[in-house]
Amino acid sequence: MRYFIEKECPESGVYTLEDFKTTIGDDLKEIELLEMKRDYGGEMWCKEFNEFPERCFCGIGCQKYDPCNGRSGKCRHLVNGFVETGREFVLTESGLREINNGL
């Protein structure tokens, strides 16, 4: 699965290409996207809240805490974070096109 952030609004979060395809339509003709990849060993990402949680807020103190083993430990909503790959794309109604950036 490929992940992207919107170039003009990166703080809105990381989404799949399918998520962005649903936003293309009458008013929005194209979106500039930056490709992301999982950051194994880096910060963890909470899928439930769509953010990087602070350690003190992640765990039994969280109302959405759901341990993978059903008792304790890592929450099933917690996954590896993301880093940019350096590849830029433009998504239009006709598809996804990589921007060469003069390379």
Checking the cross-link filter: which lysines have an alpha carbon closer than 23 Å to that of K7, excluding same-chain neighbours under 8 positions apart? K21, K29, K37, K47
Need one number: convex hull volume per residue for the stretch 3-99, Cα atoms only, in Å³. 117
Let me spell out the model: positive unit charges on the Cβ of Lys and Arg, negative unit charges on the Cβ of Asp and Glu, origin at the Cα centre of the chain. What dipole size does that give, in debye rounded to 20? 720
Qualifying trypsin sites (Lys or Arg not before Pro) for the chain [loop in DSSP, other Cβ within 10 Å: at most 14]: R2, K7, K29, K47, K64, R71, K74
Describe numerically, in nm with one decimal, the distance between label points set 7 Å from Cα along Cα→Cβ at R76 and at I99. 3.9
Would you please classify the overall shape of the stretch 55-101 from the alpha carbon gyration tensor, given that a ≥ b ≥ c denote the square roots of the eigenvalues, rounded means a/c under 1.5, and beyond that prolate means a/b larger than b/c while oblate covers the rest? prolate
Per residue, how big is the convex hull around the C-alpha atoms of the stretch 1-44? Give it to me in cubic angstrom, could you? 77
Taking a ≥ b ≥ c as the square roots of the Cα gyration tensor eigenvalues, with a/c under 1.5 meaning rounded and otherwise prolate when a/b beats b/c or oblate if not, the stretch 33-74 comes out prolate
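Tally Lys and Arg at +1 and Asp and Glu at -1 over the other residues with C-beta under 15 Å from the C-beta of D66: what net charge comes out?
On the way: positive: K47, K64, R71, K74, R76; negative: E48.
Charge balance near D66 sits at +4.
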GluC sites (Glu not before Pro) in the stretch 45-78 lying in a DSSP loop, each with at most 13 other Cβ atoms within 10 Å of its Cβ, come to E54
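Mean separation of Cα pairs under 8 Å and 6+ residues apart, divided by the residue count of the chain: what relative contact order is that in percent?
Relative CO of the chain lands at 30 percent.
Readers should treat all values here as calculations from the given coordinates under stated rules, not as data from a laboratory. In this text, all values refer to a predicted model and were calculated from it rather than measured experimentally. Here Cβ is always computed from backbone atoms with ideal geometry, including for glycine, and neighbour counts include all displayed protein chains.
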